[in-house]
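For reference, the structure is listed below as structure tokens.
The values are calculated or read from the model by the stated rules, or taken from the named source; none is laboratory data. This structure is a prediction, so every number in the text was calculated from the model and none was measured. Neighbour counts are summed over all protein chains in view; Cβ atoms, including those assigned to glycine, are modelled from backbone coordinates with ideal geometry.
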Amino acid sequence: MGTSNRAEKAASAGAARSGHRQLPHTADRVLEAWGPDRATCLSEALLALVEIFAEVPDQATADVLALGAPAGGAQDVLVSLLEEVIYVVDALGVVPVRFHLAEAEDGSLAGDMEVVPTSDVELVGPVPKGVSYHALEIAPSDGGWRCRVLVDV
């Protein structure tokens, strides 16, 4: 697989300020995401994670799970959110299809993820096993936020 994503295509054409893409890396995947603020950038990274292993339906969802991360370093917050998505897929048998995150005044993030049963998605690859701190980047950039993370598949 090369790079992929609808949002990346729009961003490369200058039509979007948020998006994500995947890049191959040996037996792993590199996820890159960007957005006008940290919460949007993180939501895009979560979408990129799901796209590694599933094509999600564009359907209404009835199930919503809480999603959040305590205040901390930006890298820890990113890893915490990605690991939470991996956990719900593995432990609960659901796949997130949409994410809603907002910043709190204390630097924490709170929100939710809309989920569907695994049986409602087309699996296109293995579910990631973990997230690496190696070469992890997340920082303000060009008036917004960008991140890059290595995911073990």
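Residues of the range 132-143 that are surrounded by 12 or more Cβ atoms within 10 Å (Cβ to Cβ) and under 13 Å from Asp28 (Cα atoms): Ser132 alone. Among the residues of the range 7-18, some residue qualifies, meaning at least one is within 14 Å of the chain's Cα centre (by Cα), of a type outside the set (A, V, I, L, M, F, W, C) and either surrounded by fewer than 14 Cβ atoms within 10 Å (Cβ to Cβ) or modelled with pLDDT under 75 (or both).
Going through (1) of a type in the set (D, E, K, R); (2) under 16 Å from Asp76 (Cα atoms); (3) in contact with a helix residue (DSSP H, G or I) (Cβ under 8 Å, 6 or more places away or on another chain) one by one, Lys129 falls short only on (2). Entry remark, the range 22-32: residues being without any contact (Cβ under 8 Å) to a residue 40 or more places away in the chain and part of a strand (DSSP E or B) number 3 in total.
Within the range 78-100, work out how many residues are among the aromatic types (Phe, Trp, Tyr) and closer than 23 Å to Pro140 by Cβ.
Total meeting the criteria: 1.
Considering the range 47-62, and only residues there that are surrounded by fewer than 21 Cβ atoms within 10 Å (Cβ to Cβ) and among the small types (Gly, Ala, Ser), the residue that is farthest from Pro117 (Cα to Cα) turns out to be Ala60. Taken over the range 112-131, the criterion of being surrounded by 15 or more Cβ atoms within 10 Å (Cβ to Cβ) and within 15 Å of the chain's Cα centre (by Cα) is satisfied by Asp112, Met113, Glu114, Val115, Val127, Pro128, Val131.
Results for (1) under 14 Å from Val151 (Cβ atoms); (2) among the small types (Gly, Ala, Ser); (3) within 12 Å of the chain's Cα centre (by Cα), shown as yes or no for each residue.
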residue: Ala62; (1), (2), (3): no, yes, no
residue: Val88; (1), (2), (3): no, no, no
residue: His100; (1), (2), (3): no, no, yes
residue: Asp106; (1), (2), (3): no, no, no
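Residue-by-condition table, conditions (1) surrounded by 21 or more Cβ atoms within 10 Å (Cβ to Cβ); (2) within 20 Å of Ala135 (Cα to Cα); (3) at pLDDT 95 or above; (4) not aliphatic (A, V, I, L, M):
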residue	(1), (2), (3), (4)
Ala27	no, yes, no, no
Leu42	yes, yes, yes, no
Val64	no, no, yes, no
Pro70	no, no, no, yes
Val79	no, yes, yes, no
Leu92	no, no, yes, no
Ala104	no, no, no, no
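Please go through the range 94-110 and pick out each residue that is within 14 Å of Glu44 (Cα to Cα) and not β-branched (Val, Ile, Thr).
Pass one, the range 94-110, residues within 14 Å of Glu44 (Cα to Cα): 96-102.
Of everything in the range 94-110, those that are within 14 Å of Glu44 (Cα to Cα) and not β-branched (Val, Ile, Thr) turn out to be Pro96, Arg98, Phe99, His100, Leu101, Ala102.
Just checking, does the range 56-76 include any residue being within 18 Å of Asp152 (Cα to Cα) and touching a Pro at 6+ places or on another chain (Cβ under 9 Å)? Within the range 56-76, one or more residues are within 18 Å of Asp152 (Cα to Cα) and touching a Pro at 6+ places or on another chain (Cβ under 9 Å).
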